[in-house]
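Beneath this line is the structure, given in structure tokens, with notes to follow.
Values in this text are rule-based calculations from the coordinates and carry no lab data. Nothing here was measured: the structure is a model prediction, and the numbers come from that model. So basically every Cβ, Gly included, is an ideal-geometry build from the backbone, and we count neighbours across all protein chains shown.
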Amino acid sequence: MQESLTIGDLAARSGVAQSALRYYERLGLIRAARTGGNQRRYERAELRRVAFIRIAQQVGISLADIRTALESLPESRTPTKADWARLSATWRSKLDERIDLLTQLRDELTGCIGCGCLSLQRCRLYNPGDELAAQGTGAQRITPAAPR
């Protein structure tokens, strides 16, 4: 049988605060067994799940989407490389959309900030008369239109 990890061990090994680990457990993202004294014990495989959660969060995936993805992994065994590849493939289009949006945002901001005009009269991102208000809230020229 594998040696289990305490919450302190998991926190130290993963670099994630104990409070975040408890939150992940409450959301069903990770699982812990309990000792007779009601202390949490994690299987070592939970380290991979925590790493996956953190990486997914860093690229902007919501915890709800992470939970859905993790629910597709097998419970009876440690996920394989193929399991992780299948799971990450489901996010490819969403990540590509995010990359495109971030690239566009970077390019627009560089042009706006980089030109140095500091003039709302000449700026190509300026919205005279608030003409885009009818299209909804947010940065209408930078972000894609939300489906209605």
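General observations
- Residue-by-residue Karplus 3J(HN,Hα) for segment 81-88, coefficients 6.51, -1.76, 1.60, Hz, glycine and proline x: 4, 5, 4, 5, 5, 4, 5, 5
- Electrostatic tally near GLN18: other residues with Cβ closer than 13 Å to its Cβ, Lys and Arg +1, Asp and Glu -1, net +2.
- Only Cα pairs under 8 Å and 6+ residues apart enter the sum, and on that basis the relative contact order of segment 7-90 stands at 21 percent.
- Calculated FRET efficiency, TRP84 to GLN104, Cβ-Cβ distance, R0 = 35 Å: about 0.75 to the nearest 0.05.
- The fewest-to-most ranking of SER4, SER19, SER14 by surrounding Cβ atoms within 10 Å reads SER19, SER4, SER14.
- Of the three principal axes defined by the Cα atoms of segment 7-90, the extents in descending order read 40, 27, 20 Å.
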